[in-house]
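No lab work stands behind these numbers, since they all come straight from the coordinates. For clarity, every value in this text was computed on a predicted model and none was experimentally measured. So basically every Cβ, Gly included, is an ideal-geometry build from the backbone, and we count neighbours across all protein chains shown.
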Amino acid sequence: MAVGAGEPILLWPDDVTVPQTWLEFEVADMVAATAAVKRVGYTLLVDNRLEPWGQWVTRFLSPEGILVGVTHTPWLRGE
C-alpha cells in the first residue's frame, strides 16, 4: 500500500496482469451473467458486488489482459 495526499492508495497486485483497457457489458440478470463467467473458468476480481452508487458489478481479466466488467445499472433500466 502506498500513501498519497493523506489517503491510502492500493497498488495493483504483482501477480495479476495490469490491464491496459477495460470493457463493460450491461446485463439484465447479474446472477446468471456472473454464473456464466464463472462456468467458463474466469477468476473473478469482483464477484457481484453492489457499489455505493447502486450499480451491481462483476469484474475479471480476459486472457488478453482486458479488465472486463459485467454490470447491472438499475436507473438505466427505470428500476
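Working from label points 7 Å from Cα in the Cα-to-Cβ sense, the residue 36 to residue 51 distance is 2.0 nm. Angle of helix 30-39 to the longest C-alpha principal axis of the chain, folded into 0 to 90 degrees and rounded to 10: 70°. Please label the shape of the chain as rounded, prolate or oblate, based on the square roots a ≥ b ≥ c of the eigenvalues of the alpha-carbon gyration tensor (a/c under 1.5 means rounded; beyond that, a/b larger than b/c means prolate, else oblate). In terms of gyration-tensor shape, oblate. Applying 1/(1 + (r/R0)^6) with r as the Cβ-Cβ distance of residue 11 and residue 75 and R0 = 25 angstrom yields a FRET efficiency of 0.20.
By the beta-carbon count within 10 Å of each Cβ, the least crowded to most crowded order of 58, 43, 71, 17, fewest first, is 43, 17, 71, 58.
Among beta bridges identified by DSSP and lying wholly in the chain, the antiparallel ones come to about 70 percent.
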